[in-house]
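Some notes on the structure that comes next.
No lab work stands behind these numbers, since they all come straight from the coordinates. These figures come from a predicted structure and were not determined experimentally. Quick reminder, even Gly has a Cβ in these numbers, built from the backbone with ideal geometry, and neighbours come from all protein chains shown.
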Amino acid sequence: MLTELLERPFLTMGARVKWIDVRPRNNRRRAVSGISLDVRHDRRGEYFLITQDPQTTVDLVVLDVQAEDRHLLLLSRNGQEKHRFLLGHDERHWFVAAIPENTPVSRVRDAKQALKPEAVLAREMALRFKKCDRRVNAAWIRQGEWFFVPAPQAVSKPVWVLRNEPLIRTQDGKPHLCEELYRFGGETVYVSRSSPAGLTQLEYGALSAHERRQQTWRTMRRNPKVFVRGRVRHPDHKTVVLCGWHEVFSNTEHLSAAMQSVAFLD
């Protein structure tokens, strides 16, 4: 009966859902204590997969469903520990986005707002309410988890600009390919499979020689300022064209417990 009650909201927004009882692994999936969520494929197409640890009691509650918008808000509750996830359809595919725990929302609309970074929220104050959820408006252009905010004050030198440069939040994610990009600032970190968010110079220096040899390390910049211009391509999204420089902002999902190992790496 519980499974049927949970399945109904998914069907309402036009999605399929499956459950398996096995201890979730903490990888790219949106994973928290006792549960993980992912989008998978089978012969019928995409579906949501909820993996639950049989040794953990986790209650799942659908807080809100917006059928026309094809979104729902899911709450997972394990004792006093609570996490919220926005599940829905964006352009071509279903997605799962973890909501930061410091914004305990109860509606789909509020969950979307919670995923917007501060710079985007500030820009949308000049918009009409009905335009705030559009992928393209006067304040920004959105492609997946990235917001591109017009930056007419940005100044670049030809030597700074990189062409066909990938924009990526995790080292194993699908990159957004930018026609022109330049970056500055941020923190130098050492990234490996065991440290996807990167180790600082101090943390990396504290490792033993043996620990360093156990992994393949890549030097990257964490949370740099990034500006892009021209076409931005991604296999899961429609290509966007940015006329003039735009500053890049990630959504706030990386602030949630489910994505604690994720950082803006470039």
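Worth a mention:
- Charge dipole (Cα centre; +1 on Lys/Arg Cβ, -1 on Asp/Glu Cβ; no other charges) of the range 120-259 amounts to roughly 400 debye.
- Think of it as helices only: each DSSP H run of n ≥ 4 in the chain is worth -39500 (n - 2.57), and spread over all residues that comes to -3000 deg cm²/dmol at 222 nm.
- Radius of gyration, Dmax [the range 120-259; alpha carbons; angstrom]: 17.1, 57
- Once you reduce the range 110-127 and the range 232-259 to the center of their Cα atoms, the two points are 14 Å from each other.
- Normalised size of the range 63-149, defined as Cα radius of gyration per 2.2 N^0.38 Å with N residues, equals 1.12.
- Proxy reagent accessibility, fewest Cβ within 10 Å first, across Met125, Met220: Met125, Met220
- Ranked Cys178, Cys243, Cys132, criterion: other C-beta atoms within 10 Å, fewest first: Cys243, Cys132, Cys178
- Each pair of Cα atoms in the range 1-136 enters the Kirkwood radius, and Stokes-Einstein at 20 °C and 1.002 mPa s then converts it into a translational diffusion coefficient of 135 µm²/s.
- Set of the range 214-257 residues, backbone N closer than 14 Å to the point 7 Å along the Cα-Cβ line of Thr188: 218-222
- Cubic angstrom per residue, convex hull over Cα atoms of the chain: 159
- The loop-placed GluC sites (Glu not before Pro) in the range 74-118, going by DSSP, that have at most 13 neighbouring Cβ atoms within 10 Å of their Cβ come out as Glu91.
- Going by neighbour counts of Cβ atoms within 10 Å, the residues Tyr47, Tyr204, Tyr182 line up, fewest first, as Tyr47, Tyr204, Tyr182.
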